[in-house]
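K.L.:
Got a structure for you, written out below as structure tokens; questions coming shortly.
The values are calculated or read from the model by the stated rules, or taken from the named source; none is laboratory data. If you're wondering where the values come from, they're calculated on a predicted model, not measured in any experiment. Cβ coordinates were reconstructed from backbone atoms using ideal geometry, including for glycine residues, and neighbour counts include every protein chain displayed.
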């Protein structure tokens, strides 16, 4: 992966996290910011007698997270 692509992924991740935090803080005043959906699958247990592990995945996206991602992409394009 190129350095520029890694930076873009990190900027998008940071934008999503900051958007979710700000959305949670402002949800009392603007409730639509916390509207969102989750996708994923629950835990799957694998037991091989000498080794066992659990796999699972969940991703949730809110309106505030999407706004954070869009803002992060604009910031990335400006600094690049």
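K.L.:
For the structure I just gave you, tell me whether residue 41 is touching a strand residue (DSSP E or B) at 6+ places or on another chain (Cβ under 8 Å) and exposed (fewer than 10 other Cβ atoms within 10 Å of the Cβ).
P.N.:
Yes.
K.L.:
Please indicate, with yes or no, whether at least one residue in segment 56-63 is in a helix (DSSP H, G or I), modelled with pLDDT of 90 or more and in contact with a helix residue (DSSP H, G or I) (Cβ under 9 Å, 6 or more places away or on another chain).
P.N.:
Yes: one or more hits.
K.L.:
Let me ask something else about it. Could you give me the residue pairs with C-beta distances under 6 Å whose first residue belongs to segment 27-47 and is within 11 Å of residue 57 (Cβ to Cβ), whose second residue is surrounded by 11 or more Cβ atoms within 10 Å (Cβ to Cβ) wherever it lies, and which are 6+ apart or on separate chains?
P.N.:
As it stands, the answer is 38/60, since those pairs meet every condition given.
K.L.:
Inspect segment 10-27 for any residue being out of contact with any helix residue (DSSP H, G or I) (no Cβ under 8 Å at 6 or more places or on another chain), loosely packed, with under 11 Cβ neighbours inside 10 Å and either at negative phi or not in a helix (DSSP H, G or I) (or both) and give the result as yes or no.
P.N.:
As a first pass, look at segment 10-27 and keep what is out of contact with any helix residue (DSSP H, G or I) (no Cβ under 8 Å at 6 or more places or on another chain): 10, 13, 21, 25.
Add one more test, that the residue is loosely packed, with under 11 Cβ neighbours inside 10 Å, and what stays is none.
Looking for residues that are out of contact with any helix residue (DSSP H, G or I) (no Cβ under 8 Å at 6 or more places or on another chain), loosely packed, with under 11 Cβ neighbours inside 10 Å and either at negative phi or not in a helix (DSSP H, G or I) (or both), one finds none in segment 10-27, hence no.
K.L.:
Another one. Here are the criteria: (1) touching a helix residue (DSSP H, G or I) at 6+ places or on another chain (Cβ under 8 Å); (2) at pLDDT below 90; (3) surrounded by 11 or more Cβ atoms within 10 Å (Cβ to Cβ). Tell me which single one residue 80 does not satisfy.
P.N.:
Only one criterion is unmet by residue 80, namely (3).
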